[in-house]
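Some notes on the structure that comes next.
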Amino acid sequence: MKRFKWPAIILLLISIIYSAVVFIVPEKFDKTLNKTKSLPPYKVSDEALALYSSLEFVADLHCDALLWSRDLTVKNSIGHVDFPRMQEANMALQAFTIVTKSPKGQNFSKTSGDAFDNVTLLNFLQARPVSNWFSLMERAIYQSQKLHQLAIDFDDEFIIVKNKDDLKKLIALKKQDNRVIGGFLGIEGGHCLEGKIENLDRLYQEGVRMFAPTHFFDTKLGGSAHGISKGGLTKFGSDVIIRMDELGMIIDLAHASPTLIDDVLKQTQSPLLISHTGVKGTLDNNRNLSDAHIIQIAKNQGLIGVGFFDGAVTKPLTKGIVEAMKHIKSIAGVECIALGSDYDGSATVPFDVTGLPLLVEELLNQGFEEAEIRAIMGENVKQFMLKNLR
Ligand SMILES: [Zn+2]
(Lines give C-alpha, C1' and ligand atoms only; values in the text may rest on other atoms or scores of the structure.)
Protein backbone atom coordinates (compact mmCIF):
# COMPACT_ATOMS: atom_id res chain seq x y z
CA MET A 1 0.00 0.00 0.00
CA LYS A 2 2.76 2.38 1.02
CA ARG A 3 4.34 2.18 -2.47
CA PHE A 4 1.23 3.67 -4.13
CA LYS A 5 1.15 6.71 -1.87
CA TRP A 6 4.29 8.42 -3.17
CA PRO A 7 3.23 8.68 -6.82
CA ALA A 8 -0.09 10.14 -5.68
CA ILE A 9 1.64 12.77 -3.56
CA ILE A 10 4.03 13.66 -6.36
CA LEU A 11 1.13 13.94 -8.81
CA LEU A 12 -0.76 16.16 -6.38
CA LEU A 13 2.31 18.39 -5.92
CA ILE A 14 2.83 18.67 -9.66
CA SER A 15 -0.79 19.65 -10.23
CA ILE A 16 -0.63 22.26 -7.42
CA ILE A 17 2.55 23.75 -8.90
CA TYR A 18 1.10 23.66 -12.45
CA SER A 19 -2.11 25.39 -11.28
CA ALA A 20 -0.08 28.09 -9.55
CA VAL A 21 2.04 28.59 -12.66
CA VAL A 22 -1.09 28.81 -14.87
CA PHE A 23 -2.57 31.33 -12.46
CA ILE A 24 0.49 33.57 -12.20
CA VAL A 25 2.88 33.28 -15.16
CA PRO A 26 0.74 34.03 -18.29
CA GLU A 27 -0.54 37.24 -16.69
CA LYS A 28 3.06 38.22 -15.88
CA PHE A 29 4.02 37.70 -19.56
CA ASP A 30 0.95 39.63 -20.74
CA LYS A 31 1.79 42.53 -18.43
CA THR A 32 5.50 42.60 -19.30
CA LEU A 33 5.17 42.17 -23.07
CA ASN A 34 2.13 44.36 -23.80
CA LYS A 35 3.20 47.67 -22.29
CA THR A 36 2.01 51.22 -22.90
CA LYS A 37 4.25 54.28 -22.73
CA SER A 38 1.63 56.15 -20.72
CA LEU A 39 -1.36 54.91 -18.77
CA PRO A 40 -5.01 56.05 -18.93
CA PRO A 41 -6.81 58.32 -18.34
CA TYR A 42 -5.29 60.41 -21.15
CA LYS A 43 -5.30 64.19 -21.36
CA VAL A 44 -6.38 65.45 -24.77
CA SER A 45 -7.20 68.91 -26.13
CA ASP A 46 -10.88 69.89 -26.28
CA GLU A 47 -10.70 70.24 -30.06
CA ALA A 48 -9.28 66.74 -30.57
CA LEU A 49 -11.73 65.19 -28.12
CA ALA A 50 -14.70 66.87 -29.80
CA LEU A 51 -13.59 65.62 -33.20
CA TYR A 52 -12.83 62.14 -31.85
CA SER A 53 -16.24 61.90 -30.15
CA SER A 54 -17.93 62.79 -33.43
CA LEU A 55 -16.26 59.93 -35.36
CA GLU A 56 -18.87 57.45 -36.54
CA PHE A 57 -16.55 54.58 -37.38
CA VAL A 58 -13.23 53.97 -35.64
CA ALA A 59 -11.41 50.86 -36.84
CA ASP A 60 -8.09 49.13 -36.35
CA LEU A 61 -6.56 46.41 -38.54
CA HIS A 62 -4.45 44.43 -36.09
CA CYS A 63 -4.46 43.19 -32.51
CA ASP A 64 -3.27 39.94 -30.97
CA ALA A 65 -5.53 40.04 -27.90
CA LEU A 66 -6.78 36.45 -28.44
CA LEU A 67 -3.31 35.10 -27.71
CA TRP A 68 -3.57 36.03 -24.03
CA SER A 69 -5.62 34.57 -21.15
CA ARG A 70 -7.13 37.85 -19.98
CA ASP A 71 -10.93 37.98 -20.17
CA LEU A 72 -11.74 40.43 -22.96
CA THR A 73 -15.32 40.92 -21.76
CA VAL A 74 -14.17 42.77 -18.65
CA LYS A 75 -12.11 45.91 -18.31
CA ASN A 76 -8.49 45.02 -17.60
CA SER A 77 -5.72 47.17 -16.19
CA ILE A 78 -3.10 45.36 -18.29
CA GLY A 79 -2.72 44.91 -22.05
CA HIS A 80 -4.09 47.21 -24.72
CA VAL A 81 -7.56 46.07 -25.80
CA ASP A 82 -10.70 44.57 -24.32
CA PHE A 83 -14.37 45.03 -25.15
CA PRO A 84 -15.20 47.56 -22.40
CA ARG A 85 -12.18 49.66 -23.36
CA MET A 86 -13.23 49.45 -27.03
CA GLN A 87 -16.63 50.80 -25.97
CA GLU A 88 -14.99 53.54 -23.92
CA ALA A 89 -12.94 54.45 -27.01
CA ASN A 90 -16.03 54.57 -29.25
CA MET A 91 -14.45 51.86 -31.42
CA ALA A 92 -16.50 50.24 -34.18
CA LEU A 93 -14.33 47.49 -35.62
CA GLN A 94 -11.18 45.73 -34.45
CA ALA A 95 -9.28 43.04 -36.35
CA PHE A 96 -8.48 40.12 -34.03
CA THR A 97 -5.45 38.48 -35.59
CA ILE A 98 -4.32 35.02 -34.60
CA VAL A 99 -0.70 34.25 -33.77
CA THR A 100 0.17 30.55 -33.71
CA LYS A 101 3.97 30.47 -33.62
CA SER A 102 6.69 32.78 -32.38
CA PRO A 103 10.28 31.44 -32.59
CA LYS A 104 12.64 32.34 -29.76
CA GLY A 105 14.91 35.24 -30.70
CA GLN A 106 12.71 36.38 -33.57
CA ASN A 107 13.97 39.61 -35.10
CA PHE A 108 13.33 41.86 -38.08
CA SER A 109 16.38 40.82 -40.10
CA LYS A 110 16.82 37.03 -40.00
CA THR A 111 14.50 34.64 -38.19
CA SER A 112 14.48 30.86 -38.52
CA GLY A 113 11.24 28.96 -38.01
CA ASP A 114 13.21 26.11 -36.45
CA ALA A 115 13.98 27.85 -33.14
CA PHE A 116 12.06 26.99 -29.97
CA ASP A 117 8.48 28.24 -30.23
CA ASN A 118 7.32 30.60 -27.47
CA VAL A 119 3.63 30.15 -28.34
CA THR A 120 3.92 26.42 -27.55
CA LEU A 121 5.27 27.35 -24.12
CA LEU A 122 2.56 29.98 -23.66
CA ASN A 123 -0.20 27.48 -24.54
CA PHE A 124 1.23 25.07 -21.96
CA LEU A 125 1.48 27.80 -19.31
CA GLN A 126 -2.07 28.97 -20.06
CA ALA A 127 -3.40 25.40 -19.73
CA ARG A 128 -4.98 25.68 -23.15
CA PRO A 129 -6.20 22.31 -24.57
CA VAL A 130 -3.45 19.74 -25.09
CA SER A 131 -4.40 19.59 -28.80
CA ASN A 132 -3.15 23.21 -29.01
CA TRP A 133 0.28 22.26 -27.69
CA PHE A 134 1.07 20.16 -30.73
CA SER A 135 -0.93 21.70 -33.58
CA LEU A 136 -0.72 25.20 -35.02
CA MET A 137 -4.04 24.65 -36.80
CA GLU A 138 -5.73 23.72 -33.50
CA ARG A 139 -4.38 26.95 -31.99
CA ALA A 140 -5.93 28.97 -34.83
CA ILE A 141 -9.29 27.22 -34.46
CA TYR A 142 -9.18 27.61 -30.68
CA GLN A 143 -8.64 31.38 -30.93
CA SER A 144 -11.38 31.75 -33.59
CA GLN A 145 -13.83 29.91 -31.37
CA LYS A 146 -12.69 31.95 -28.40
CA LEU A 147 -13.78 35.17 -30.10
CA HIS A 148 -17.18 33.61 -30.88
CA GLN A 149 -17.57 32.59 -27.23
CA LEU A 150 -16.56 36.06 -26.03
CA ALA A 151 -19.14 37.59 -28.39
CA ILE A 152 -21.83 35.38 -26.83
CA ASP A 153 -20.65 36.26 -23.31
CA PHE A 154 -20.85 39.96 -24.19
CA ASP A 155 -24.51 39.61 -25.20
CA ASP A 156 -25.60 41.57 -28.25
CA GLU A 157 -23.00 44.25 -27.85
CA PHE A 158 -20.26 42.54 -29.86
CA ILE A 159 -20.75 41.56 -33.48
CA ILE A 160 -18.34 39.30 -35.36
CA VAL A 161 -18.14 40.62 -38.91
CA LYS A 162 -17.94 37.83 -41.50
CA ASN A 163 -19.76 39.37 -44.42
CA LYS A 164 -21.14 42.60 -45.81
CA ASP A 165 -24.48 42.16 -44.05
CA ASP A 166 -22.79 41.79 -40.64
CA LEU A 167 -20.92 45.01 -41.29
CA LYS A 168 -24.06 46.86 -42.37
CA LYS A 169 -25.78 45.58 -39.22
CA LEU A 170 -22.87 46.82 -37.09
CA ILE A 171 -23.00 50.26 -38.75
CA ALA A 172 -26.76 50.54 -38.26
CA LEU A 173 -26.77 49.30 -34.65
CA LYS A 174 -23.84 51.52 -33.73
CA LYS A 175 -25.81 54.56 -34.87
CA GLN A 176 -28.59 53.64 -32.42
CA ASP A 177 -26.35 52.59 -29.55
CA ASN A 178 -22.66 53.41 -29.60
CA ARG A 179 -21.83 50.69 -27.09
CA VAL A 180 -22.17 48.20 -29.95
CA ILE A 181 -18.74 47.11 -31.17
CA GLY A 182 -17.45 44.63 -33.71
CA GLY A 183 -14.50 42.53 -34.67
CA PHE A 184 -13.29 40.30 -37.47
CA LEU A 185 -10.80 37.44 -37.51
CA GLY A 186 -7.44 37.35 -39.23
CA ILE A 187 -4.49 34.95 -39.30
CA GLU A 188 -0.89 36.02 -38.81
CA GLY A 189 1.17 33.48 -40.74
CA GLY A 190 0.24 30.67 -43.12
CA HIS A 191 2.28 28.11 -41.16
CA CYS A 192 -0.94 27.30 -39.30
CA LEU A 193 -2.27 25.63 -42.47
CA GLU A 194 0.28 22.88 -41.74
CA GLY A 195 0.80 22.55 -45.50
CA LYS A 196 -2.83 21.64 -46.26
CA ILE A 197 -4.92 23.91 -48.44
CA GLU A 198 -8.15 22.41 -47.09
CA ASN A 199 -7.24 23.99 -43.75
CA LEU A 200 -7.87 27.40 -45.36
CA ASP A 201 -11.49 26.37 -45.93
CA ARG A 202 -11.65 25.15 -42.35
CA LEU A 203 -10.48 28.57 -41.11
CA TYR A 204 -13.03 30.28 -43.35
CA GLN A 205 -15.75 28.13 -41.78
CA GLU A 206 -14.50 29.21 -38.36
CA GLY A 207 -15.10 32.83 -39.39
CA VAL A 208 -11.60 33.91 -40.48
CA ARG A 209 -11.78 36.57 -43.21
CA MET A 210 -8.23 37.92 -43.39
CA PHE A 211 -5.07 35.88 -43.84
CA ALA A 212 -1.35 36.71 -43.96
CA PRO A 213 0.92 34.16 -45.72
CA THR A 214 3.90 34.85 -43.45
CA HIS A 215 4.79 36.10 -39.98
CA PHE A 216 8.39 36.29 -38.74
CA PHE A 217 9.79 33.31 -40.66
CA ASP A 218 9.53 31.71 -44.10
CA THR A 219 6.59 29.37 -44.54
CA LYS A 220 5.51 26.79 -47.11
CA LEU A 221 3.66 29.71 -48.75
CA GLY A 222 6.62 32.01 -49.24
CA GLY A 223 9.26 34.34 -47.80
CA SER A 224 8.91 36.54 -44.74
CA ALA A 225 10.43 40.02 -44.60
CA HIS A 226 12.34 38.71 -41.57
CA GLY A 227 13.00 35.18 -42.82
CA ILE A 228 16.13 33.53 -44.20
CA SER A 229 15.28 33.29 -47.93
CA LYS A 230 13.46 36.64 -48.49
CA GLY A 231 11.86 34.65 -51.32
CA GLY A 232 8.60 35.02 -53.19
CA LEU A 233 5.42 33.00 -53.44
CA THR A 234 5.78 29.21 -53.72
CA LYS A 235 3.46 26.99 -55.76
CA PHE A 236 1.56 26.20 -52.53
CA GLY A 237 1.43 29.90 -51.65
CA SER A 238 0.09 30.67 -55.09
CA ASP A 239 -2.62 27.98 -54.69
CA VAL A 240 -3.58 29.51 -51.33
CA ILE A 241 -3.94 32.99 -52.89
CA ILE A 242 -6.16 31.52 -55.63
CA ARG A 243 -8.34 29.80 -53.02
CA MET A 244 -8.48 33.00 -50.91
CA ASP A 245 -9.76 34.88 -53.94
CA GLU A 246 -12.39 32.18 -54.53
CA LEU A 247 -13.54 32.38 -50.92
CA GLY A 248 -13.33 36.18 -50.80
CA MET A 249 -10.75 36.30 -48.01
CA ILE A 250 -8.72 39.48 -47.55
CA ILE A 251 -5.02 39.10 -48.31
CA ASP A 252 -2.83 40.64 -45.59
CA LEU A 253 0.81 41.13 -46.59
CA ALA A 254 2.18 42.44 -43.29
CA HIS A 255 5.54 40.72 -42.66
CA ALA A 256 5.79 39.58 -46.31
CA SER A 257 9.13 39.83 -48.10
CA PRO A 258 9.27 42.46 -50.89
CA THR A 259 9.49 39.63 -53.45
CA LEU A 260 6.39 38.01 -52.00
CA ILE A 261 4.51 41.32 -52.25
CA ASP A 262 5.61 41.62 -55.91
CA ASP A 263 4.46 38.07 -56.65
CA VAL A 264 1.04 38.55 -55.05
CA LEU A 265 0.59 41.89 -56.85
CA LYS A 266 1.31 40.05 -60.12
CA GLN A 267 -1.04 37.18 -59.35
CA THR A 268 -4.21 38.83 -58.08
CA GLN A 269 -6.39 41.79 -58.92
CA SER A 270 -7.77 41.85 -55.35
CA PRO A 271 -6.95 44.94 -53.31
CA LEU A 272 -4.21 44.08 -50.82
CA LEU A 273 -4.14 45.00 -47.18
CA ILE A 274 -1.09 45.50 -44.96
CA SER A 275 -2.56 45.15 -41.49
CA HIS A 276 0.33 46.62 -39.47
CA THR A 277 3.46 48.18 -40.88
CA GLY A 278 5.69 51.20 -41.03
CA VAL A 279 7.14 52.89 -44.09
CA LYS A 280 10.73 53.05 -45.26
CA GLY A 281 10.16 56.75 -45.98
CA THR A 282 10.30 57.52 -42.26
CA LEU A 283 12.10 54.43 -40.91
CA ASP A 284 14.17 52.38 -43.31
CA ASN A 285 14.30 48.76 -42.14
CA ASN A 286 13.09 45.51 -43.61
CA ARG A 287 9.97 45.58 -41.46
CA ASN A 288 8.64 48.52 -43.43
CA LEU A 289 7.01 49.21 -46.82
CA SER A 290 8.86 50.77 -49.75
CA ASP A 291 7.45 53.77 -51.60
CA ALA A 292 6.97 51.65 -54.73
CA HIS A 293 4.81 49.14 -52.81
CA ILE A 294 2.82 51.89 -51.08
CA ILE A 295 2.01 53.43 -54.45
CA GLN A 296 1.06 50.09 -56.02
CA ILE A 297 -1.10 49.03 -53.09
CA ALA A 298 -2.89 52.39 -53.06
CA LYS A 299 -3.42 52.26 -56.83
CA ASN A 300 -4.98 48.85 -56.35
CA GLN A 301 -7.40 50.35 -53.78
CA GLY A 302 -5.70 48.55 -50.92
CA LEU A 303 -5.20 49.56 -47.29
CA ILE A 304 -2.11 50.24 -45.21
CA GLY A 305 -2.46 50.02 -41.43
CA VAL A 306 0.24 52.03 -39.70
CA GLY A 307 1.66 50.28 -36.63
CA PHE A 308 1.99 52.02 -33.27
CA PHE A 309 5.23 50.36 -32.16
CA ASP A 310 8.96 51.02 -32.16
CA GLY A 311 10.43 49.47 -35.33
CA ALA A 312 7.42 50.42 -37.44
CA VAL A 313 7.59 54.11 -36.60
CA THR A 314 10.11 56.53 -35.13
CA LYS A 315 10.05 57.89 -31.58
CA PRO A 316 8.25 59.57 -29.94
CA LEU A 317 5.71 57.03 -31.16
CA THR A 318 2.56 59.17 -31.48
CA LYS A 319 4.46 61.69 -33.56
CA GLY A 320 6.11 58.85 -35.51
CA ILE A 321 2.76 57.23 -36.38
CA VAL A 322 1.46 60.47 -37.87
CA GLU A 323 4.75 61.13 -39.70
CA ALA A 324 4.44 57.72 -41.37
CA MET A 325 0.85 58.59 -42.33
CA LYS A 326 1.99 61.93 -43.68
CA HIS A 327 4.57 60.18 -45.84
CA ILE A 328 1.95 57.79 -47.26
CA LYS A 329 -0.36 60.74 -47.92
CA SER A 330 2.37 62.61 -49.77
CA ILE A 331 3.06 59.78 -52.22
CA ALA A 332 -0.24 57.87 -52.43
CA GLY A 333 -3.08 59.92 -50.91
CA VAL A 334 -5.16 59.46 -47.80
CA GLU A 335 -7.62 56.81 -49.03
CA CYS A 336 -5.27 53.90 -48.30
CA ILE A 337 -4.31 54.93 -44.74
CA ALA A 338 -5.64 53.07 -41.71
CA LEU A 339 -4.73 52.21 -38.13
CA GLY A 340 -2.73 49.03 -37.58
CA SER A 341 -1.89 49.31 -33.91
CA ASP A 342 -0.55 45.79 -33.19
CA TYR A 343 -2.20 46.09 -29.79
CA ASP A 344 -1.37 43.14 -27.53
CA GLY A 345 1.21 42.01 -30.07
CA SER A 346 4.09 41.86 -27.56
CA ALA A 347 4.94 45.45 -28.38
CA THR A 348 5.15 48.68 -26.42
CA VAL A 349 2.65 51.22 -27.77
CA PRO A 350 2.15 54.89 -26.81
CA PHE A 351 -1.37 54.38 -25.38
CA ASP A 352 -4.02 51.70 -25.03
CA VAL A 353 -7.20 51.80 -27.12
CA THR A 354 -8.73 54.48 -24.88
CA GLY A 355 -5.88 56.80 -25.89
CA LEU A 356 -6.85 56.96 -29.58
CA PRO A 357 -8.02 60.61 -29.20
CA LEU A 358 -4.30 61.44 -28.72
CA LEU A 359 -3.74 60.28 -32.29
CA VAL A 360 -6.44 62.66 -33.52
CA GLU A 361 -4.71 65.43 -31.58
CA GLU A 362 -1.39 64.65 -33.31
CA LEU A 363 -3.08 64.40 -36.74
CA LEU A 364 -4.49 67.90 -36.15
CA ASN A 365 -1.07 69.11 -34.97
CA GLN A 366 0.56 67.85 -38.16
CA GLY A 367 -1.97 69.57 -40.39
CA PHE A 368 -4.43 66.83 -41.35
CA GLU A 369 -7.91 68.05 -42.20
CA GLU A 370 -11.07 66.83 -40.51
CA ALA A 371 -12.26 64.73 -43.48
CA GLU A 372 -8.80 63.12 -43.76
CA ILE A 373 -8.82 62.29 -40.05
CA ARG A 374 -12.25 60.65 -40.33
CA ALA A 375 -10.96 58.59 -43.26
CA ILE A 376 -7.80 57.46 -41.46
CA MET A 377 -9.49 56.71 -38.14
CA GLY A 378 -11.91 54.24 -39.72
CA GLU A 379 -13.93 55.37 -42.72
CA ASN A 380 -11.32 53.94 -45.11
CA VAL A 381 -11.57 50.55 -43.41
CA LYS A 382 -15.38 50.71 -43.52
CA GLN A 383 -15.35 51.41 -47.28
CA PHE A 384 -12.72 48.73 -47.94
CA MET A 385 -14.68 46.09 -46.02
CA LEU A 386 -17.99 47.05 -47.63
CA LYS A 387 -16.33 46.62 -51.01
CA ASN A 388 -14.36 43.46 -50.33
CA LEU A 389 -16.41 41.32 -47.94
CA ARG A 390 -18.92 39.08 -49.68
ZN1 LIG B 1 2.83 41.24 -36.57
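The values are calculated or read from the model by the stated rules, or taken from the named source; none is laboratory data. None of these values were measured; they are calculated from a predicted model. Backbone-built Cβ (ideal geometry, glycine too); neighbour counts: all protein chains shown.
Quick notes on this one:
- Only residues that are over 24 Å from residue 380 (Cβ atoms) and part of a loop (DSSP other than H, G, I, E, B) were counted across segment 46-79, and they come to 12.
- Some residue of segment 199-213 being within 16 Å of the ligand (Cβ to nearest atom) and aromatic (Phe, Trp, Tyr): yes
- Residues being more than 16 Å from the ligand (Cβ to nearest atom) and touching a residue at least 12 places away in the same chain (Cβ under 8 Å) - total across segment 80-115: 15
- Taking first residues from segment 327-346 that are under 18 Å from residue 317 (Cα atoms) and part of a strand (DSSP E or B) and partners that are of a type in the set (D, E, K, R) and away from the ligand (no atom under 16 Å from the Cβ), the Cβ contacts under 8 Å between residues at least 6 apart in sequence or on separate chains come to 337/329; 343/352.
- Here 76, 123, 118 are screened, and the one residue that is polar (S, T, N, Q), free of Cβ contacts under 8 Å to residues at least 24 places away in the same chain, in contact with a helix residue (DSSP H, G or I) (Cβ under 6 Å, 6 or more places away or on another chain) and in the same structural domain as residue 250 (by TED's automatic domain parsing) is 123.
- Of all residues in segment 127-145, those that are closer than 25 Å to residue 341 by Cα and surrounded by fewer than 18 Cβ atoms within 10 Å (Cβ to Cβ) total 1.
- Only one of 217, 236, 184 that is within 19 Å of the chain's Cα centre (by Cα), away from the ligand (no atom under 16 Å from the Cβ) and either farther than 26 Å from residue 345 by Cα or of a type in the set (Phe, Trp, Tyr) (or both): 184
- Total residues in segment 328-350, condition surrounded by fewer than 24 Cβ atoms within 10 Å (Cβ to Cβ), among the hydroxyl-bearing types (Ser, Thr, Tyr) and in contact with a helix residue (DSSP H, G or I) (Cβ under 9 Å, 6 or more places away or on another chain): 2
- Annotation note: Cβ proximity below 8 Å between a residue of segment 37-55 that is in the same structural domain as residue 353 (by TED's automatic domain parsing) and under 17 Å from residue 175 (Cα atoms) and a residue that is in a loop (DSSP other than H, G, I, E, B) and charged (D, E, K, R) (sequence gap 6+ or interchain) occurs for no pair.
- Screening residue 81 with (1) within 25 Å of residue 134 (Cα to Cα); (2) in the same structural domain as residue 277 (by TED's automatic domain parsing) gives one miss only, at (1).
- Selection status of residue 325, away from the ligand (no atom under 16 Å from the Cβ), buried (at least 22 other Cβ atoms within 10 Å of the Cβ) and more than 17 Å from residue 186 (Cβ to Cβ): yes
- Verdict on residue 363 being in contact with an Asp or Glu (Cβ under 9 Å, 6 or more places away or on another chain), aliphatic (A, V, I, L, M), crowded, with 21+ Cβ neighbours inside 10 Å and assigned to a helix (DSSP H, G or I): yes
- Residues in segment 302-316 that are of a type outside the set (D, E, K, R) and either at positive phi or more than 16 Å from the ligand (Cβ to nearest atom) (or both) were compared, and the one that is surrounded by the most Cβ atoms within 10 Å (Cβ to Cβ) is 302.
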